[in-house]
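A short worksheet on the structure shown next.
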Amino acid sequence: MIDYSCVRFMDELASKNAVPGGGGAAALSGAMGTALAGMVCNLTTGKKKYAQYEEDIQRIMKEADRIQRALLEMVDLDAENFLPLSKAYGLPKETEEEKKHKEEIMEKCLVQACSVPVEIVKKCYEAILLHEELVDKGSMLAISDVGVGVQCLRSGIISAWLNVQININSIKNQEYVSKVENEVKPLLSKGIEICDDVYSKVDKKLAK
């Protein structure tokens, strides 16, 4: 789906089809935010005014490219992992045997569907840290793009968490649920905090 035109992707997103859905939208939002980090780097590199940050800018640029590609891949991965779950909802449950079978399949599919949104949260958080650096090291001419990028990532990390949450709410394996929450919640909380701080810095710089 990442090779779709923007128009086709949006039409598919708006349709009643099971995929793409919120997980794919979260990954795409994160990828856009990360791409903007790359843009800021490209507009900063080689400029004498920011020569002291050149090494950092080159590192951030490479990291942004890696994360952006990973998030784009997750648009399709999320769809692939969600489809079995969407089919599992339609399994029969008339007899006790059918109910037990459906519960087992549902549990397996819920864990599978949860896996990609968890990774989206992690990747968005990594990209948020890049913008945290760029707000001070990137070209002032692109400072608004830092703000836009970090807001895309804020949306991405929150949206991914919602997709994690809707799945773990139905998972019976509480050990797995606790593991996921312990991994994701601190990143979500800290990520939102950093995003808001970066946005505030951008706003103040633009207000001068």
Requested in this report: Consider Val111 carefully, then state whether it is open to solvent by 20 Å² or more (accessible area, probe 1.4 Å) and either more than 30 Å from Ile60 (Cβ to Cβ) or at pLDDT below 95 (or both).
Outcome: yes
The residue that is farthest from Glu12 (Cα to Cα), considering only those in segment 53-85 that are among the polar types (S, T, N, Q) and open to solvent by 40 Å² or more (accessible area, probe 1.4 Å), is Gln58
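Could you grab me the full set of residues in segment 170-195 that are in contact (Cβ under 8 Å) with a residue 40 or more places away in the chain and among the acidic types (Asp, Glu)? Working first, answer last.
Just the residues of segment 170-195 that are in contact (Cβ under 8 Å) with a residue 40 or more places away in the chain, to begin with: 170-173, 176, 180, 183-184, 187-188, 190-191, 194-195.
Within segment 170-195, Glu183 is the sole residue that qualifies.
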Residues in segment 175-206 that are open to solvent by less than 70 Å² (accessible area, probe 1.4 Å) and among the polar types (S, T, N, Q) total 2
>> If I filter segment 195-205 for residues that are part of a helix (DSSP H, G or I), hydrophobic (A, V, I, L, M, F, W, C) and closer than 19 Å to Ile67 by Cβ, do I get at least one hit?
In response: yes
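Please go through segment 32-52 and give me each residue that is outside any loop (DSSP other than H, G, I, E, B) and either open to solvent by 10 Å² or more (accessible area, probe 1.4 Å) or out of contact with any Gly (no Cβ under 8 Å at 6 or more places or on another chain) (or both), ordered by number.
Hits for segment 32-52 are Met32, Ala35, Leu36, Gly38, Met39, Asn42, Leu43, Lys48, Lys49, Tyr50, Ala51, Gln52.
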Review point. Do we have Val135 as modelled with pLDDT of 95 or more, open to solvent by less than 30 Å² (accessible area, probe 1.4 Å) and in contact with a Leu (Cβ under 9 Å, 6 or more places away or on another chain) here?
Key: no
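Here's a check for you: in segment 142-174, which residue that is of a type outside the set (A, V, I, L, M, F, W, C) and under 13 Å from Ser200 (Cα atoms) is most open to solvent (accessible area, probe 1.4 Å)?
My answer is Gln151.
The values are calculated or read from the model by the stated rules, or taken from the named source; none is laboratory data. Bear in mind that the values here come from a model prediction, so they are computed numbers and not experimental data. In this analysis, Cβ positions are derived from the backbone assuming ideal geometry, glycine residues included, and neighbour counts consider all displayed protein chains. When the accessible area is computed, the model is the full protein with side chains, heavy atoms only, and any ligands, DNA or RNA have been set aside. Shrake-Rupley method; radii C 1.70, N 1.55, O 1.52, S 1.80 Å.
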